[in-house]
Structure formats: C-alpha cells, structure tokens
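Bear in mind these aren't lab numbers, they're just calculated from the coordinates by the rules spelled out. Because the structure is a prediction, the values reported are computed rather than measured. Every residue, glycine among them, receives a Cβ derived from its backbone with ideal geometry; neighbour counts consider all protein chains shown.
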Amino acid sequence: MSDRRRGAARACGALLALLLAAFLAGCGGDGGDAANSGGSGTLGVSLTDAPACGFDAVNVTVRQVRVHQSAAAAGSAGGWSEITLQPARKINLLDLTNGVLEHLGETALPAGHYTQLRLMLSANDASNPFRNSVVRSSGSGAQLALTTPSAVQTGIKLVHGFDVPAGERVDLVLDFDACKSVVALGNGSFLLKPVVKAIPSTFNGIRGFVHANLLGSNVMVSAQTNGTIVRATVPDLSTGAFVLARLGAGNYDVVLTAEDRAAAVIVAVPVESSGVVAISTEADPIVLPVSATRTIGGNATLDPPGAADEAVVVAARQAFGGGPTVTVKWQAADLLTGAYALTLPVGAPLLGTYLVGGTLPIPLDPQVALAGRYTVEASASGYQTRSIGRDISAANAIQGFVLVP
C-alpha cells in the first residue's frame, strides 16, 4: 500500500475515533447574479466518496462548483453563482471513505431557494493526460487515463433543492460514487460516467469494527434498503473501524463482504438524523467465516444498443425468508463486450438483527438454506430488468442477459 493510502487510513482512523467530519479551509468563490430575495447567506460544498471496486486510486480534477435557482438553467444561462478552485484540485476519491470530506470551497449567495448544482471537472489533455485517472489494484501501479465525455467536462448536473437563509451558512456534501462511476471499455481503458448525489451534511450514521484478520481482504460494508445500496465504505486498514456516514433517518440492513469469506447481514439498524449507532465494538468485532468461492458470469447486453455510456448493471442478491433482500455483489458489464463476472461466497451467509436497547455483540447465525444460492439481476436505464435464480454450491454458473426496452 502506498504512503499516501497509509496516510489516508491514519486520517480516517482519527475521524472514526472522534466521530466528527472536520471541514478544511476552502477556496473562495465569486457570487453570481441570482435573484436576491433579501440579504445573503453562505454556501459551503464538500466532496465525499463510496469505495471503488478493483482500484487503488480514482482521481478526478475539480475546477469549479456552480449553483443556480432554476433546475432547467443551461450552462450558458445567466444567474449562476460559482465556487472556483484556484488552481484546480486533483482528488483521489478513495481517500474520502468513512465520512472523510474534501472541502471544495464556499461563497456568498443571495438568500433564496436553489435547485441545480454542477460539478465541473478539468479535462485530460496533452499537457496533463492524467487529470482524471485510475490505478488498478491488479496492475503495475501506473495511472490510466479516464475517458471523460464532453458532457462531463461541461458539468456534472445535480438537481437538488436547498434553501440559503439570509445571514446563515448552508453546507452541502456531494457523494461521488467512484465504484459506479468507472466503467470498463473492454480494451484495457475506462470511461468516467459520474454518479454523484447530494447527501445530508450532518454527521450521523452507523459505526462498527471488523476483525483484524479481515483487513487486506477487500472488506466492503454497505447500508441497504430493499437491496439498494444507499451508502458503502471500507474499514480503516489499521483498526478495522468503519462508519457509514450521513444517512437519511430510517432503518437499514448492513451488509459485510470480503474476499474468500461468507457474507454477513445485520437487519433493522435504526438511524436518526443525528448521532451514530454502533453494531459492533473493537473488543467484539464482526468476524466473517472462511468460505470457498465460485463465479457467475457471462455477457449482459442491450437490444437495441443504448447510449454509448449505458452499461448493464448485474447484481447478485440473496433473499432471507421473512427478512430482507440484500445485494451481495454487483458489477457494471463491460461497455464494449458486455462481459461480467461476479465472484461469490459459497458458504452460508450470516444473519443478525439489531435490537433497540439490546447488547453487543449481535448474534450472527448461518443461514444454511441460502448457501451458494443467488438471484442474479440485470438492469439498465430504459430497459426491462431481468432476474434469474442460480445455485453455485457445486459449480460455477454461466448466465447471459439480453435486455429489451
């Protein structure tokens, strides 16, 4: 692991111990000419990330954040207010897990209601071909340029309503999901298809620890509702601590996976708008049993073909009788070939339930009936979702999908 990643892990560990996201001093910006509704307030914008799949680094270079009161405003319209980073800042998104924030800056805004943000990236060019790049976990450690379509360079558009009261400060956090934003092109190169959303700025969520023998096994921890991953992170590589930060209030299923280990699910974890709930402690960390693995793979394509950057997402899910359906692993199929391969545990998944007022550790019981059994689902925007059950307890499975509108 690089010194930079080790340094990020130490910083993350300090954050987890304090359960606090500290904002860095940001770059200033110049206010636009949005309609003044009486007085002005301050907008601060920060960036965070969910972990990436199969990469040691996912770098993007941010040059500006723009905000507008109209959700329909074009980039060339008047009325934009801007936070400009001088110089543009290259950020490794993988340094921003477990609630760590990169403060992009702040600016004064006329008080009022705003509905559109645009995150502006600098393009790769001959003078700097790696402004936006990845480093593969299984590669030589060299940077590979990320293809950035012109639409990305002109602004990653987010429609998100927020109010700026006169005389007050509003902080927004942009969650740039690196895992979902990098799509393979089949020829050894990768496309940046940004998946970014605005999330609560208040530090809250779910915390816990995984056992030290899991560290280095690509542990992934996610908070899910009905099989949809709402937030994901990786544990601190020194302590095993993790935080699923800045969640909306509600109940979540926490899913833990690791290489060559059975999965574990803790259901009905309650999250409030403030505060952090613990599901395990350093003294009693979560342990995932060793498991053999097999694969479900094949090709997942669109008929007729979709947009040039429209990939089929293939997910392996398990449904617990009388309980939740969760996503154990997912992957975007290769944009050129449609190929995908999900490596999955054969061992029985563990299931536990969070009890309000209960004690830790939470008992985790093996669900033998689900060992090696998955529902494989393929989906793409504008196409009909398809799913099929597969059993890999005895052998690998080949499963192809052709999605139609």
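The helix-based estimate of mean residue ellipticity at 222 nm for the chain, built from -39,500 (n - 2.57) per DSSP H run of four or more residues and divided by its residue count, is -1500 deg cm²/dmol to the nearest 500. Amide H to amide H, with H built 1.01 Å from N, PHE401 comes under 5 Å of ASN299, ALA300, THR301, counting only residues 5 or more places away or on other chains.
Judged by the mean number of other Cβ atoms found within 10 Å, the most tightly packed of the peptides 256-268, 118-130, 374-386 leads the ranking 256-268, 374-386, 118-130. On full extension, the segment bounded by GLU282 and THR343 gains 19.1 nm, given 0.36 nm per residue less the C-alpha separation.
Computed from backbone phi with θ = phi - 60° and the Karplus coefficients 6.51, -1.76 and 1.60, the 3J(HN,Hα) list for segment 231-244 is 8, 9, 7, 10, x, 4, 6, 9, 10, x, 6, 9, 9, 9 Hz; x is used for glycine and proline. Shown is the FRET efficiency for THR154 and SER217, computed with R0 = 41 Å from the Cβ-Cβ distance and rounded to the nearest 0.05: 0.55. Judged by the gyration tensor of its Cα atoms, with axes a ≥ b ≥ c, segment 345-405 is oblate; a/c meets the 1.5 cut and b/c is at least as large as a/b. Each 5 Å bin, from zero up to the one with the longest distance, holds this percent of the alpha carbon pairs of segment 318-372: 4, 14, 19, 18, 15, 12, 8, 5, 3, 1, 0.
For segment 192-315, the equivalent ellipsoid derived from the Cα gyration tensor has semi-axes of 28, 22, 13 Å, listed largest first.
Under the simplified labelling scheme, the GLU272-THR385 pair shows an inter-label distance of 3.3 nm, with each label point 7 Å from Cα along Cα→Cβ. Couplings 3J(HN,Hα) for segment 96-113, derived from phi with the Karplus relation 6.51 cos²θ - 1.76 cosθ + 1.60 (θ = phi - 60°), are 10, 8, 6, x, 5, 10, 10, 6, 8, x, 8, 7, 6, 10, x, 4, x, 9 Hz, where x marks Gly and Pro.
A simple charge model with +1 on the Cβ of Lys and Arg, -1 on the Cβ of Asp and Glu and nothing else charged puts the dipole of segment 21-199 at about 480 debye relative to its Cα centre. Residues whose amide H comes within less than 5 Å of that of LEU351, counting only those at least five positions distant or on another chain, are VAL265, ASP365, GLN367 (H built at 1.01 Å from N in the peptide plane).
Kirkwood's formula applied to the C-alpha pairs of the chain gives a hydrodynamic radius of 22.3 angstrom. Shown is the FRET efficiency for ALA369 and VAL402, computed with R0 = 41 Å from the Cβ-Cβ distance and rounded to the nearest 0.05: 0.85.
Within segment 75-97, what residues put their amide N at less than 14 Å from the label point 7 Å along the Cα-to-Cβ vector of ASP125? It comes to 88, nothing else. At 7 Å along Cα-to-Cβ for each site, give me the label-to-label distance between ALA307 and THR359 in nm. Using points 7 Å along Cα→Cβ, the separation is 5.4 nm. Along each principal axis, taking the top coordinate minus the bottom one, the Cα set of segment 204-403 gives 52, 38, 35 Å in descending order. Each Cα pair under 8 Å and six or more residues apart adds its separation to the average, and for segment 21-199 the resulting relative contact order is 31 percent.
A full extension of the chain between HIS113 and ASN187 corresponds to an added length of 22.1 nm, given 0.36 nm per residue minus the alpha carbon distance. For the pair THR228 and ALA292, a Förster radius of 22 Å applied to the C-beta separation gives a FRET efficiency near 0.20, rounded to the nearest 0.05. Scaling against 2.2 N^0.38 Å puts the C-alpha radius of gyration of segment 33-148 at 1.25. Pairs on different chains or at least eight residues apart, Cα atoms closer than 15 Å: how many lysine pairs in the chain fit? Within the chain, the lysine pair count is 5. Extension gain for ASN251 to ALA71 (0.36 nm times residue separation, less C-alpha to C-alpha distance): 61.7 nm.
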